[in-house]
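Down below is the structure, laid out as structure tokens.
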Amino acid sequence: MSRPSEGHHITLGILVSGSGTNLQAIIEEIEAGRLSAHIGMVISNVEGCRAVDRCRKHQIPVRVITHQSFSSRKAFEQALIDQFEEVSTDLICLAGFMRLLSPYFVQHYAGKLLNIHPSLLPAFPGLDAQRQAFTYGVKITGATVHFVDVGTDTGPIVLQEAVPVHDTDSAESLALRILHIEHQIYPKAIQLFAEGRLTLRGRKVETCINRSPASPTR
Ligand code: GRF
């Protein structure tokens, strides 16, 4: 995996389909100077979604590319790649992008493609993870940032944070609490990438943030 050097501002490409609150969290961290990145291009596969409005408001380049206008999945994905290549992205972030990406796209961006998922993977992959966890009755769930591989939510895990499930929760209140954590860990993971602090070893990602200090000698 190539690493941007320390202090360098990386260029992000972001894929969205919906409300774009994770996109908003990334925008705000960049604007606050806490994220060494700039957003080169946002692509939405859904016309008129909230995420597109957020880009316009913050003068971020945004394109809507819908898969219906392409003859094949590969042609659609090539169009995404072509757009991102125009701005020389260092990292692609899926932020509520609701279309499955084929191995063609995933392999093109191996080690440079992140996703946020609203559960503690490998528990509850796939759609509606918050409701899956709520219905199952777990006491702790959470959020995961991971590199994307060809499986569904199976890629190497970068950061996770736990969220307790309260007796008084509904699936909706739980989802909101998870979303709040997503907004914290996604920018954090991107910053680690920007600092070149993510090292992939097999399916493990070393982040250099969880190391305990050397044990004192007596
Ligand atoms: C988030 O819960 C994210 O984990 C999931 O889709 C949702 C997107 O929300 N992949 P938003 O569009 O960022 O508001």
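General remarks:
- Within the chain, helix-based [θ] at 222 nm, where runs of 4 or more DSSP H residues each add -39,500 (n - 2.57), nearest 500: -10000 deg cm²/dmol
- Set of lysines near residue 57 by C-alpha distance (under 26 Å), chain-local residues within fewer than 8 positions excluded: 188
- Dipole of the range 8-109 [Lys/Arg +1, Asp/Glu -1 at C-beta], most positive-end residue of 40, 22, 68: 68
- Using a simple spin-label model with pseudo-atoms 7 Å out from Cα toward Cβ, residue 161 and residue 136 lie 2.1 nm apart.
- Of the residues 21, 199, 135, the one that moves most in a GNM of the chain with alpha-carbon contacts below 10 Å is 135.
- Tail beyond 22 Å, pair distance distribution of the range 116-212 (Cα, percent): 29
- Neighbourhood charge, 12 Å Cβ-Cβ cut-off, centred on residue 89 and excluding it, Lys, Arg +1 and Asp, Glu -1: -3
- Within the listed set 129, 162, 95, the Gaussian network model of the chain (springs between alpha-carbon atoms below 10 Å) gives the highest mean-square fluctuation for 162.
- Expressed in units of 2.2 N^0.38 Å, where N is the residue count, the Cα radius of gyration of the chain is 1.03.
- Label-point separation, residue 204 to residue 123 (7 Å along Cα→Cβ), nm: 2.2
- The range 70-131 versus the range 141-171: alpha-carbon centroid distance in Å: 16
- Our estimate of slack between residue 71 and residue 191, defined as 0.36 nm per intervening residue step minus the Cα-Cα distance, is 39.5 nm.
- Just checking the listed ones, 88, 36, 44: in the Gaussian network model of the chain with Cα springs under 10 Å, the one fluctuating most is 88.
- When each of 109, 186, 104 is scored by the number of other beta-carbon atoms lying within 10 Å, the sequence from fewest to most is 104, 109, 186.
- Assuming charge only on the beta carbon of Lys and Arg (+1) and of Asp and Glu (-1), the dipole of the chain about its Cα centre is about 440 debye to the nearest 20.
- Here the simple spin-label model places points 7 Å from the Cα toward Cβ, and for residue 169 and residue 79 these points are separated by 3.9 nm.
Where a number appears in this text, it was derived from the coordinates with a stated rule and is not lab data. Just so we're clear, the structure is a prediction, and the values are computed from it rather than from any experiment. With ideal geometry, Cβ positions are generated from the backbone for all residues, glycine too; neighbour counts draw on all protein chains shown.
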